[in-house]
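Notes for the one structure printed next.
We did not get these values from a lab; they are worked out from the coordinates using the rules stated. What you see is a predicted model, and the numbers here were worked out from it, not measured in a lab. Cβ coordinates were reconstructed from backbone atoms using ideal geometry, including for glycine residues, and neighbour counts include every protein chain displayed.
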């Protein structure tokens, strides 16, 4: 029994629970029960707060180490915090708490502070992580500090601390290779940041103040699925909290493109999962989802299918007894091949990429590792196969990149060989984790998850508009043929290659959408056969049409009625067309993305006149009524068009008045998780500060404000105000640095965190009838 439990722990210790890489293993600090001298494996049930307070330091030390072994970073951090109350001067405990904060994605400034405090003195050259009498951090702590500084883009300081590690550790230390990799990543990051690709990256409007991760996209670029642990609109998950993170379990959401310009409000899918539901992949046409369900211990792959009424209850995905039951499984558009990201003892290390092909009898070949061209000692995760069936994207923290996980691109040729992966570079990649890149068929619009500008645990979804050469290897066209239910509607469309007559695919109507969808290769001719069941129950051919896909049209989409393809005036009496139908391919239209130029100048001029961005936000009168946008100050149409994704139209008054000589440059109101601080566009502020710095040294003030209402997610109002302010502070300092302005030399900056109403809140707003959104905002002021 003990052996079975130990094997169980070996398996779950390899389980990927979150996107964040396990740096403990990377830095040679990985732990196992065997190395701790334990001979009995037992499920570590986290101690309650009361139990923690009654433990002595040695007991807390062992408890925290056990939790770290299992990747329960949040609970481990709480345990270390209790241990530090017993021995506040124990720098080893403080170091190990800092590890937990990093792994759980805590505010990097907090992690940096804890590491610096742990390094205030000597370090241990010989380090036993399980020895509670050792109160010194290991020499590797300098590399942890350098890693955090790298993520904060303080590259010079990171290099200094790498050198400090090298001097203290010598050239034979186990982490010397990591130090070299970190130096290479710093150099690579600086090179990429200095030479960004012609790609525009914008924060998506579907984000909330919770996690948004695991984006997957249909081939036509019209439907996006993702996972989020936000509070549901009906509050039904208010008490459904992960016992480790104390955050809500993840749900799956779906959003649709509207008029090719914006995304609809995310809609939660009920697929019958009680714990975390992480969407892994979607088929090319949005009819089937692969989902990983996990409760923090066990993970299982499941599948849900689109129905006329919604989505089916997710059932266990059993492809073949040789196929993985957890990890990530992604189907090629043809559905006859899969990519899998799983852990295997025969792999290169961590999560590696594997491939399997479906045989003629429906079984699957054993997983074949894709070799060390793609796989590394680190993790290769979140694979995605583009609509062309050749281009593959994945994320890795093993290849040299900019920091954390980076997105890579490779191409599979006809023989099944994958090309050397190419780093997607900046601005898609950043110095932090960038994952799950997915792209529409035209290769011009992609989406991914990233921790950039997020100095705590959550991820956001970003859009990438690619203005250079398409990132897909082969031009394909996604064809959607709308149909109406009726006696003459075909049940299936059979697609054949016109030259070889080989069957390419057989398609039915997509449930709930009444369309046939297929992917055609540009420059190829096809025969489309419509089949239906007659009165005798026999399947017969209803219509046939030859379709030509022009090579010069490139990739794109075609949306048309099925009746147009089989139009009666073009069909001969035999049911065959007199001439091929030539598709009119339309490129996917990008969203309207705000850009600087004259628009920024207009806003800056307005701010110089004392109006500020708040004027464009449509501030409400001094009442609780929601403002009517028609009553907002008159603004040039091009200004509103450019900033409509970023400017907040307050639902009530914001406390923006100031008597200290500052004026508001930009501001955004935050309420009910619908508007996120990272929607605040900083271009006007950067322009205004840079302009002012030409004649004086301006002072900048960032204010993050939260209301004093009782919160249900375990986060204090002060923490919320701090996060809002720090998010904007870090972005603004980085943006100003990018235009050659140094903090302290060219401008001064301060950060203010407020929980309102407070002493500075106008008396007229200190009453129970005031909308709490009055106090929920972030703003940038300058004098």
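Each residue in 96, 240, 78 was given a count of other beta-carbon atoms within 10 angstrom of its own, and listing them fewest first yields 240, 78, 96. FRET efficiency for the residue 709 to residue 171 pair, using the beta carbon distance and R₀ = 41 Å, is estimated at 0.15. Between residue 62 and residue 157, the contour length at 0.36 nm per residue exceeds the alpha carbon distance by 30.8 nm. For the range 476-582, the Stokes-Einstein estimate of translational diffusion at 20 °C and a viscosity of 1.002 mPa s comes to 151 µm²/s, using the Kirkwood hydrodynamic radius over alpha-carbon pairs. Normalising the average separation of contacting C-alpha pairs (under 8 angstrom, six or more residues apart) by the number of residues puts the relative contact order of the range 235-286 at 29 percent. Can you compute the FRET efficiency between residue 489 and residue 551 using 1/(1 + (r/R0)^6), with r the Cβ-Cβ distance and R0 = 35 Å? Round to the nearest 0.05. Once rounded, the FRET efficiency stands at 0.65. The packing ranking of peptides 320-328, 395-403, highest mean first, is 395-403, 320-328, where packing means the average number of other beta carbon atoms within 10 angstrom of each residue. The range 201-236 and the range 690-745 have their alpha-carbon centroids 25 Å apart.
Between residue 465 and residue 514, residue separation times 0.36 nm minus the direct Cα-Cα distance comes to 14.6 nm.
Based on C-alpha pairs under 8 angstrom that are at least 6 apart in sequence, the range 270-367 has a relative contact order of 19 percent. As a length-normalised measure over Cα pairs under 8 Å and 6 or more apart, the relative contact order of the range 199-466 settles at 18 percent. What is the percent of Cα-Cα separations in the range 120-230 that go past 17 Å? Tail of P(r) above 17 Å: 68 percent of Cα pairs.
Scaled against 2.2 N^0.38 Å for its residue count N, the alpha carbon radius of gyration of the range 405-563 is 1.35. Against the compact-protein benchmark of 2.2 N^0.38 Å, the Cα-based radius of gyration of the range 199-466 scales to 0.95.
Round to the nearest 0.05 the FRET efficiency obtained for residue 321 and residue 275 when R0 = 25 Å and r is the Cβ-Cβ distance. FRET efficiency, residue 321 to residue 275: 0.50. Each peptide among 58-68, 119-129 gets the average number of other Cβ atoms lying within 10 Å of its residues, and from highest to lowest they stand as 58-68, 119-129. In plain terms, the residue of 252, 726, 199 with the fewest other Cβ atoms within 10 Å comes first and the most crowded comes last, giving 199, 726, 252. You can think of it this way: the chain between residue 361 and residue 180 has 60.2 nm of extra reach, that is 0.36 nm per residue less the Cα-Cα gap.
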